[in-house]
Amino acid sequence: MNDYQIMIIRVSHRINSADKLQKVFTQYGCNIKTRLGLHEAGEACGVDGLIILQLVKGVQDNIDFMNDLNAIEGITAKRAEI
């Protein structure tokens, strides 16, 4: 059985970082098998959020992906292997 690669991304003030974040997601789109977005919703939509990705591709490629995400102001990305 192969390891699973997961990335958890915290997005602060998503309105300010959404364009840059989406460009990186598009650049690394073939690395993403599953994407789950969580944010506060209801009467008022929250400005912070959490994104969970199931990754494919090689470890180094996903480390590069994570580093490109962390270069965006308001984004914190961490990667784990299970």
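All conditions but one from (1) touching a residue at least 40 places away in the same chain (Cβ under 8 Å); (2) outside any loop (DSSP other than H, G, I, E, B); (3) exposed (fewer than 13 other Cβ atoms within 10 Å of the Cβ) apply to Asp3; the one that does not is (2).
One residue alone among Gln22, Gln60 is free of Cβ contacts under 8 Å to residues at least 24 places away in the same chain, over 25 Å from Asn2 (Cα atoms) and exposed (fewer than 12 other Cβ atoms within 10 Å of the Cβ), and that residue is Gln22. Restricting attention to the range 28-49, the residues being at pLDDT 95 or above and surrounded by 13 or more Cβ atoms within 10 Å (Cβ to Cβ) number 4. When Asn16 is tested against the conditions (1) surrounded by 12 or more Cβ atoms within 10 Å (Cβ to Cβ); (2) in contact with a strand residue (DSSP E or B) (Cβ under 9 Å, 6 or more places away or on another chain); (3) at pLDDT below 90, the lone failure is (2).
Residues that are closer than 22 Å to Glu73 by Cα, of a type in the set (S, T, N, Q) and in contact with a Ser or Thr (Cβ under 8 Å, 6 or more places away or on another chain) within the range 1-59 comprise just one, Ser12. Restricting attention to the range 59-82, the residues that are modelled with pLDDT of 95 or more, part of a strand (DSSP E or B) and not hydroxyl-bearing (Ser, Thr, Tyr) total 5.
Can you work out which of the residues in the range 25-49 that are in contact (Cβ under 8 Å) with a residue 12 or more places away in the chain and over 16 Å from Phe65 (Cα atoms) is farthest from the chain's Cα centre (by Cα)?
Val47
The values are calculated or read from the model by the stated rules, or taken from the named source; none is laboratory data. In this text the structure is predicted, and so the values were computed from the model without any measurement. Cβ: placed from backbone, ideal geometry, glycine included. Neighbour counts: every protein chain shown.
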